[in-house]
Number of protein chains: 2
Amino acid sequence: MSGTILGVSLTPHHPLLDGRTGDSALVTAYSGTRPERLPVWFMRQAGRSLPEYRASRAGTAMLDACLDPDLASEITLQPVRRHGVDAAVFFSDIVVPLRLVGVDVEIVPGTGPVIASPVRTLDDVARLRDLGPLDAARLAPVTAGVERTVAQLDRTPLVGFAGAPFTLAAYLVEGGPSRDHLAARRLMHADPAAWAALMDWTAEVTGAFLAAQVTAGASAAQLFDSWAGALSLADYAAHCAPASARVLAQASALGVRTVHFGVATGELLVAMRDAGADVMGVDYRLPLDEASARLGGATPLQGNVDPALLSAPWDVLEAHVRDVVRRGAAAPGHVVNLGHGVPPDTDPAVLTRLVQLVHTL
Amino acid sequence: MSGTILGVSLTPHHPLLDGRTGDSALVTAYSGTRPERLPVWFMRQAGRSLPEYRASRAGTAMLDACLDPDLASEITLQPVRRHGVDAAVFFSDIVVPLRLVGVDVEIVPGTGPVIASPVRTLDDVARLRDLGPLDAARLAPVTAGVERTVAQLDRTPLVGFAGAPFTLAAYLVEGGPSRDHLAARRLMHADPAAWAALMDWTAEVTGAFLAAQVTAGASAAQLFDSWAGALSLADYAAHCAPASARVLAQASALGVRTVHFGVATGELLVAMRDAGADVMGVDYRLPLDEASARLGGATPLQGNVDPALLSAPWDVLEAHVRDVVRRGAAAPGHVVNLGHGVPPDTDPAVLTRLVQLVHTL
């Protein structure tokens, strides 16, 4: 499999894609059937818990690392080599598409993404649109990073990912991380036209970012709506889900399964699935059997080992993982993952042991 | 009504208490019937949104202000004078009982409570217990502040409040605010004996703090479990609710209605009521008719105007408030409030106008 072949535009269930990873444990579970081996990977597995990551990243700003194809590829591969997980997840960040179109955004250590000029009006959104589309030329570092990664992954699938339109919009409106997302939720109601225009724009750029990863060889696409838990169901359904649905449909049309994940979104679970996701990621708060029941037992699930238990004594963690797997059996397919990202202070040896345990279950 | 009379220990439904505020709109609604006037107050109404508060607080650290009876009383009364709300809420902080027993805690502006020595082991909890009980002598500044307040409130009820044991424990274990409360949730599972001892201790001190406010004249008691939304229902029910139940029972035994509130706790709503609360506070995420249905239609509700809309155009806010009131009619009693605290940048005139609107509904 070469970069040239991966460079072609993939049609739904493209045979090249199916031939490489279509029978992998991950894609099988995402497709709603039970593979021989229970698949497992970890959100933020490529990151600060690994000493080799800290060595690779030393001296390079986060977004610069994401946009260096060799470095992003190396970091993406590190946890696959070390842990033997069933999927790689592309090393990137949800604000990468903002940077690629020219938004002044930095990831400030200890804080998170900081946007120099918050977006608060219809004119502000027009200025975003004036930056031009996220086209293939701008996406080249992402495409190159994914191509280099899949060329080395062989039959291990790569999960591409992007932030959902609401979560990107929340960063743009607030200017950075926020606990209550008051400014974003205010704009949604106080100026519905500006909000709709902003969601159109974020859906376009984050959709292009996700589609580029799939076109370049990612075998699945995960949409992260990190902040959707701040919303009522009514606000989510009316003002956010339609834009997420467009992004998910764009990825689905490229022939991959889509995964949708949010934090503290138990109340939104069905609405997030109904936005067009094949698989629902579930955070640690909601047991998988309960999640499956809410979804009518028809949706494959990903999750939901509690990250807080990664540093508990092994017997406590093991009992919890076995419980997660037992509850996950209620769903038509289950990919073991955490119920949130890997905490930076996690002992990598625990993650490796957890993969080994899951593979015996 | 004098401080002397208020100084006596109140029995359930004590006639002195009933005589002063028992027929108030607030207590009537909390008791599950509909008063003539729909009552309204705002969480954090005594605080940074008011210029008179900023003037009073200037140069005084937050916890010092809480423990100055004259200042705490003045700040408590400010929003009652300005807005004509149906209740005062005592100006204090959930970490005040920690300070009163001698825990080294400061409220750092822009950050929140910071604990000098985080609590991580059974020995650490033993050191907390070595500080001695939160007795009447230590509680004197709180008692004095409440007595001075109710003496000036006349027939307007005062709501006393305290942090729930889990939320206090989360601060103690993390050492400060946290997004995921990983350390607290880890301790809960990794060292159940230390966790249980910590919950016993926090229930004692926060229970004593709440009971002191009621004994000194508060007409209702609200328990804030600010961080409970970080928990699964199973963890909440097994490891946190019993301690909250003890605090609620202690306040109930003093003859006042209890209110229980958390953020993003729709999944925990029934469990939090079943911990022994008379009234459930509901955050802005969950519509009140849906909340009432989950509670079997038998529980009075408080809430849940979205704070994000306080800075929206008036017609948007008014339509939202009318919707909240319409949905709240599903409950046997409804006290209008916000679905979270007053944002510091709120225009106080909007709050006054909102009170006037509610009083016409």
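The values are calculated or read from the model by the stated rules, or taken from the named source; none is laboratory data. Being a predicted model, the structure only gives us computed values, none of them experimental. Every residue, glycine as well, gets a Cβ built from its backbone with ideal geometry; the counts of neighbours run over all protein chains shown. Please note that ligands, DNA and RNA were not included when accessible areas were found on the heavy atoms of the full protein model with its side chains. Shrake-Rupley method; radii C 1.70, N 1.55, O 1.52, S 1.80 Å.
Observations, loosely collected:
- Of the strands (runs of 3 or more DSSP E) lying entirely inside segment B:93-191, those containing at least 3 residues that are surrounded by fewer than 22 Cβ atoms within 10 Å (Cβ to Cβ) span B:105-108, B:112-115.
- As a summary of the residue check, B:Asp64 satisfies the conditions (1) in contact (Cβ under 8 Å) with a residue 40 or more places away in the chain; (2) charged (D, E, K, R); (3) not in a loop (DSSP other than H, G, I, E, B) except for the one numbered (1).
- Qualifying residue in segment B:64-85 (condition: among the basic types (Lys, Arg) and either closer than 20 Å to B:Thr206 by Cβ or in contact with a Phe, Trp or Tyr (Cβ under 9 Å, 6 or more places away or on another chain) (or both)): no
- Residue pairs meeting the criteria (Cβ under 7 Å; at least 6 apart or on separate chains; first closer than 27 Å to A:Gly22 by Cα, in segment A:254-280; second assigned to a loop (DSSP other than H, G, I, E, B) and acidic (Asp, Glu)): A:Arg257/A:Asp278; A:Thr258/A:Asp278
- Odd one out for A:Ala126, checked against (1) within 14 Å of chain B (Cβ to nearest Cβ); (2) out of contact with any helix residue (DSSP H, G or I) (no Cβ under 6 Å at 6 or more places or on another chain): (1)
- Enumeration of residues in segment B:216-237 that are surrounded by fewer than 23 Cβ atoms within 10 Å (Cβ to Cβ) and either more than 14 Å from chain A (Cβ to nearest Cβ) or of a type in the set (D, E, K, R) (or both): B:Phe224, B:Asp235
- For segment B:48-87, the tally of residues that are surrounded by fewer than 21 Cβ atoms within 10 Å (Cβ to Cβ), closer than 20 Å to B:Leu354 by Cβ and within 19 Å of the chain's Cα centre (by Cα) stands at 2.
- Remark: B:Ala271 falls outside the filter, which requires a residue to be open to solvent by 50 Å² or more (accessible area, probe 1.4 Å) and not in a loop (DSSP other than H, G, I, E, B).
- Residue among A:Leu295, A:Leu288 that is touching a strand residue (DSSP E or B) at 6+ places or on another chain (Cβ under 6 Å), closer than 21 Å to A:Val27 by Cα and open to solvent by less than 50 Å² (accessible area, probe 1.4 Å): A:Leu288
- Scanning segment B:282-302 for residues that are within 10 Å of chain A (Cβ to nearest Cβ) and closer than 21 Å to B:Phe166 by Cβ returns B:Asp283, B:Arg285, B:Leu286.
- Criterion applied to A:Val305, A:Val316, A:Val259, A:Val279 was being modelled with pLDDT of 95 or more, within 14 Å of chain B (Cβ to nearest Cβ) and crowded, with 22+ Cβ neighbours inside 10 Å, and the one residue passing it is A:Val305.
- Considering only residues in segment A:238-256 that are surrounded by 23 or more Cβ atoms within 10 Å (Cβ to Cβ) and among the small types (Gly, Ala, Ser), the one that is nearest to A:Thr215 (Cα to Cα) turns out to be A:Ala251.
- Any hit, segment A:187-196, residues being in contact (Cβ under 8 Å) with a residue 24 or more places away in the chain, of a type in the set (Asp, Glu) and within 14 Å of another protein chain (Cβ to nearest Cβ): yes
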